[in-house]
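*Asks:* Encoded as structure tokens, here's the structure I'll be asking about.
The values are calculated or read from the model by the stated rules, or taken from the named source; none is laboratory data. This structure is a prediction, so every number in the text was calculated from the model and none was measured. Cβ atoms come from the backbone with ideal geometry, glycine included; neighbour counts cover every protein chain shown.
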């Protein structure tokens with residue numbers, strides 16, 4: 001499916017051209033107030049139908065990510081475009097899960113209604129629309145008039161209740177944001193206190209937020225060559241990463257990969273390798289076919305138990321991708 005790779009390209013470039021079809025781009029919407037509701041900021045996908053446009057940047061990226069020839073990558077994109085155009089000839093719209101709906105306007109031009117894509121809204125995760133407290137216009141006007149004391153007291157109670165409700169909603173939203181921001185530290189604290197730093201486990205799911213190794217247990221300096229030699233004796237790697245000359249390591253089902261970090265952008269992954277000096281371990285980048293995340297791989301095994309054991313010996317925060 002082309003859509004995961006299209007979203008991945010939008011994360012890097014914010015605009016992608018599909019030759020002979022049109023231009024996809026990311027539009028940033030600031031927070032808005034509509035009908036007494038505060039809507040949080042959002043990133044949405046827009047599409048402009050341009051039949052004559054040509055650009056092969058996305059074809060090149062798809063070829064690299066899926067390890068395909070250029071003509072094979074172009075063929076997959078063309079099949080996806082043909083699927084949309086053929087579907088619109090027999091139906092009013094063509095819908096794709098977690099992406100959006102294609103349809104035609106009154107002039108026969110293809111238009112697109114995008115959905116809220118989670119990968120493009122990582123920084124806005126957890127933000128929900130907030131309903132403003134309702135204000136009765138009649139009560140507001142009557143506050144300037146002389147009224148019975150009981151009505152004044154009742155009005156004040158409602159006003160205090162509305163203020164309390166508003167403050168509670170804002171406080172809850174802030175608390176949720178704090179918990180999301182600190183969830184990695186809380187998980188690490190939980191493992192230290194209650195699980196006694198158990199070894200790394202195998203991850204089958206793909207988190208939305210950037211994973212990074214909070215490497216407090218490793219020194220900033222790379223160990224001397226003699227120490228590295230001793231460690232290599234203890235942690236054997238049946239499949240050597242040094243044999244791969246390319247930056248990206250092709251994913252093969254049945255292998256188990258030790259992961260030292262997961263990122264949405266290639267630049268972030270390369271910076272992590274440089275900062276943690278993982279190039280000494282022949283670190284490579286790997287992309288699972290079911291997720292656009294870019295992982296930093298420092299070891300490959302054909303045995304899951306051996307991979308988990310080696311990951312725990314290297315760093316308790318490293319995990320295993322299978």
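*Asks:* Tell me, which residue of segment 22-36 that is in contact (Cβ under 8 Å) with a residue 60 or more places away in the chain and surrounded by fewer than 14 Cβ atoms within 10 Å (Cβ to Cβ) is nearest to residue 263 (Cα to Cα)?
*Replies:* 33
*Asks:* Out of the residues in segment 85-98 that are in contact with a strand residue (DSSP E or B) (Cβ under 7 Å, 6 or more places away or on another chain) and not in a helix (DSSP H, G or I), state the one that is nearest to residue 4 (Cα to Cα). Write out each step before concluding.
*Replies:* Just the residues of segment 85-98 that are in contact with a strand residue (DSSP E or B) (Cβ under 7 Å, 6 or more places away or on another chain), to begin with: 87-88, 92-95.
This time we only want the ones that are not in a helix (DSSP H, G or I), so: 92-95.
Numbers: 92: 24, 93: 20, 94: 17, 95: 15 Å.
Across segment 85-98, the extreme among qualifying residues is 95.
*Asks:* Next up: When residues of segment 239-283 are filtered for being out of contact with any helix residue (DSSP H, G or I) (no Cβ under 8 Å at 6 or more places or on another chain) and either assigned by TED's automatic domain parsing to the domain that holds residue 118 or part of a loop (DSSP other than H, G, I, E, B) (or both), how many remain?
*Replies:* Number of matching residues: 13.
For (1) under 26 Å from residue 265 (Cβ atoms); (2) in contact (Cβ under 8 Å) with a residue 24 or more places away in the chain; (3) in the same structural domain as residue 285 (by TED's automatic domain parsing); (4) in a loop (DSSP other than H, G, I, E, B), each residue gets a yes or a no:
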{"residue": "38", "(1), (2), (3), (4)": "no, yes, no, no"}
{"residue": "43", "(1), (2), (3), (4)": "yes, yes, no, no"}
{"residue": "47", "(1), (2), (3), (4)": "yes, yes, no, no"}
{"residue": "58", "(1), (2), (3), (4)": "yes, yes, no, no"}
{"residue": "71", "(1), (2), (3), (4)": "no, no, no, no"}
{"residue": "80", "(1), (2), (3), (4)": "yes, yes, no, no"}
{"residue": "83", "(1), (2), (3), (4)": "no, no, no, no"}
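*Asks:* Name the residue that is farthest from residue 169 (Cα to Cα), counting only residues in segment 96-109 that are surrounded by 14 or more Cβ atoms within 10 Å (Cβ to Cβ) and in contact with a helix residue (DSSP H, G or I) (Cβ under 9 Å, 6 or more places away or on another chain). Please lay out each step first, then the result.
*Replies:* Start the filter on segment 96-109 by keeping residues that are surrounded by 14 or more Cβ atoms within 10 Å (Cβ to Cβ), which leaves 96, 99-104.
Keeping just the survivors that are in contact with a helix residue (DSSP H, G or I) (Cβ under 9 Å, 6 or more places away or on another chain) gives 96, 99, 102-104.
On the way: 96: 34, 99: 30, 102: 37, 103: 38, 104: 41 Å.
Ranking the qualifying residues of segment 96-109, first place goes to 104.
*Asks:* Same structure again: All but one of (1) closer than 27 Å to residue 263 by Cβ; (2) free of Cβ contacts under 8 Å to residues at least 40 places away in the same chain; (3) assigned to a loop (DSSP other than H, G, I, E, B) hold for residue 106, so report the exception by its number.
*Replies:* (1)
*Asks:* Could we say that residue 117 is assigned by TED's automatic domain parsing to the domain that holds residue 22 and either out of contact with any helix residue (DSSP H, G or I) (no Cβ under 7 Å at 6 or more places or on another chain) or at pLDDT 85 or above (or both) here?
*Replies:* yes
*Asks:* Please give the number of the condition residue 112 fails out of (1) closer than 14 Å to residue 3 by Cβ; (2) within 15 Å of the chain's Cα centre (by Cα); (3) surrounded by 16 or more Cβ atoms within 10 Å (Cβ to Cβ).
*Replies:* (2)
*Asks:* Got at least one residue in segment 66-82 being modelled with pLDDT of 90 or more, within 21 Å of residue 113 (Cβ to Cβ) and surrounded by fewer than 15 Cβ atoms within 10 Å (Cβ to Cβ)?
*Replies:* Yes, that holds for at least one residue.
*Asks:* What are the residues in segment 1-21 that are more than 13 Å from the chain's Cα centre (by Cα) and either part of a loop (DSSP other than H, G, I, E, B) or surrounded by fewer than 18 Cβ atoms within 10 Å (Cβ to Cβ) (or both), if any?
*Replies:* 1, 2, 3, 13, 14, 15, 19, 20, 21 - these are the residues of segment 1-21 that are more than 13 Å from the chain's Cα centre (by Cα) and either part of a loop (DSSP other than H, G, I, E, B) or surrounded by fewer than 18 Cβ atoms within 10 Å (Cβ to Cβ) (or both).
*Asks:* OK, next. Given the conditions (1) touching a helix residue (DSSP H, G or I) at 6+ places or on another chain (Cβ under 8 Å); (2) outside any strand (DSSP E or B), which single one is not true for residue 52?
*Replies:* In the conditions (1) touching a helix residue (DSSP H, G or I) at 6+ places or on another chain (Cβ under 8 Å); (2) outside any strand (DSSP E or B), residue 52 misses (1) alone.
*Asks:* Return the residue satisfying two criteria in turn: it lies in segment 284-316 and is assigned to a loop (DSSP other than H, G, I, E, B) and in contact with a helix residue (DSSP H, G or I) (Cβ under 7 Å, 6 or more places away or on another chain), and of such residues it is farthest from residue 67 (Cα to Cα).
*Replies:* Of segment 284-316, the ones assigned to a loop (DSSP other than H, G, I, E, B) are 287-293, 302-303, 315-316.
Now drop any that are not in contact with a helix residue (DSSP H, G or I) (Cβ under 7 Å, 6 or more places away or on another chain), which leaves 287, 292.
On the way: 287: 11, 292: 14 Å.
This residue is 292.
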